[in-house]
Amino acid sequence: MTNVRSLDQPRLLFQANLQPVQGSRFQPTGFPDLGAAEYQTAAGVSTLLVESAQSMANRLESVCWDEAEDQVVPALLGIPYVVVTLPDGSKTNSILEAHRLNSPYIEKSDRFSEIKAEVGFEKDAPFDRRRLAKALLKLDPNSLIHGIFLESVGGVVRLPRMLSAFVEATDVRVAPSGGVKFDRVQPASTGDSTGYGKAAEGYGNVPFHRDEYSAGEITAYFNFDLALLRGLGFGAEEEDFLFDLGLFKILAFLNQGLRLRTACDLEVVGDMVVRRPESWELPTLADVEARLRQRIGALSGSFNQPPVLEATYEK
């Protein structure tokens, strides 16, 4: 069992080689007004961003949630988070919200004043980052792992990502393709308008093109900031819990979360490679899940009780 304090490194760095589960083509992430992020390295290697750090944070959070059961996955039962009931009766929560505790639905809820009090920000006093860390551990440890910026509380109430990741491909080639949206009511219509409406509104045959890619190598990179973790003032139990929570996210993502898009379904090839510290060996997902169950039970006194804070949205 790994103890964070025994890892004499500021970062845990490792990577995994990936490949499409079928064929050789894949669809990368895209950005408005940019499209795919294709670029040349200093060595002249054609490179492509397959998944950004922002998107990977969302994906590493989503593996914590069981959509079928509408609750956290079994290994994380008992972990704290905030649930908000919306005016129509539907619910959202701090695990699934992109900005975690800084979600506008949580900020505008009837319980946000309690969250603000736990953080303890005072306008004319030095900000206590350790108190923020303690509050996040109590209310939503995911916000410790993936970072937080509670600007509505104070401009300094923030923590960077403890765990960051991205997926990159090298030696890439464009694989152009296309298709057509076929209108079975008016199959001959290809102009700007039809007898029912314009092509921009979805009527008529609409041809389109798309660019996918092939690559010599696709790699997922993970960076766990151990210096940040050790600097938050927690005891060894809390540090080891957060470390295992981050490892769970990574291993679960690589095990079940690699269908990034309809045309980007990947799988791990070979063993994961630890770059720092080189002598360290990654545990199995089953081992991490077993440890997390124990750690969550042991830390219940540091968590909110009950662990799920129920709130109601109030615009």
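Every number in this text was worked out from the coordinates using simple rules, so none of it is lab data. Keep in mind that what you see is a predicted model, and the values were worked out from it rather than measured. Note that we place each Cβ from the backbone using ideal geometry, even for glycine, and neighbour counts take in every protein chain shown.
What to note about this one:
- Cα gyration tensor shape for region 1-63, rounded if a/c is under 1.5, else prolate or oblate: prolate
- Anisotropy class of the chain from Cα gyration tensor, a/c 1.5 cut: oblate
- Segment LEU86-ALA37, extension gain: residue separation times 0.36 nm, minus the distance between their alpha carbons: 14.0 nm
- Normalising the average separation of contacting C-alpha pairs (under 8 angstrom, six or more residues apart) by the number of residues puts the relative contact order of region 225-315 at 33 percent.
- Residues whose amide H falls under 5 Å from that of MET272, counting only those 5 or more places apart or on a different chain, are absent, with hydrogens built in the peptide plane.
- When peptides 117-127, 216-226 are ranked by their average number of other Cβ atoms within 10 Å per residue, the highest-first order is 216-226, 117-127.
- From phi via Karplus (6.51, -1.76, 1.60), per-residue ³J(HN,Hα) for region 267-280 in Hz, x at Gly/Pro: 8, 6, 10, x, 8, 5, 10, 8, 8, 8, x, 5, 7, 7
- A simple spin-label model places the labels of ALA200 and ASP128 5.7 nm from each other, with each point 7 Å out along Cα-to-Cβ.
- Estimated vicinal HN-Hα couplings, Hz - region 5-21 in sequence order (Karplus 6.51, -1.76, 1.60; Gly, Pro = x): 6, 7, 8, 7, 8, x, 9, 9, 10, 8, 8, 9, 7, 10, 8, x, 5
- Net charge dipole, region 20-129: roughly 240 debye, given to the nearest 20, about the Cα centre with Cβ charges of +1 for Lys and Arg and -1 for Asp and Glu.
- Taking amide hydrogens as placed 1.01 Å from N in the peptide plane, the amide H of MET162 sits under 5 Å from those of HIS146, GLY147, each at least 5 positions away in sequence or on another chain.
- Here the Karplus curve 6.51 cos²θ - 1.76 cosθ + 1.60, taken at θ = phi - 60°, turns the phi angles of region 117-132 into couplings of 5, 5, 5, x, 6, 10, 4, 10, 9, x, 7, 8, 5, 5, 5, 4 Hz, with x standing for Gly and Pro.
- Inter-part distance, region 130-182 to region 218-245, computed on C-alpha centroids, equals 15 Å.
- For the chain, the longest principal axis of the C-alpha atoms and the axis of helix 236-256 are separated by about 20°.
- For a label point 7 Å along the Cα-to-beta-carbon line of SER152, residues of region 290-315 with backbone N under 18 Å: 309-315
- Long-range HN-HN contacts of VAL50 with modeled amide H, under 5 Å: VAL167, GLU168, ALA169
- Percent of Cα pairs exceeding the 17 Å cut-off, where the set is region 221-315: 65 percent
- Linear extension gain, GLU217 paired with ASP110, 0.36 nm per residue minus alpha-carbon span: 33.6 nm
- Prolate/oblate/rounded call for region 85-233, Cα gyration tensor, a/c under 1.5 rounded: oblate
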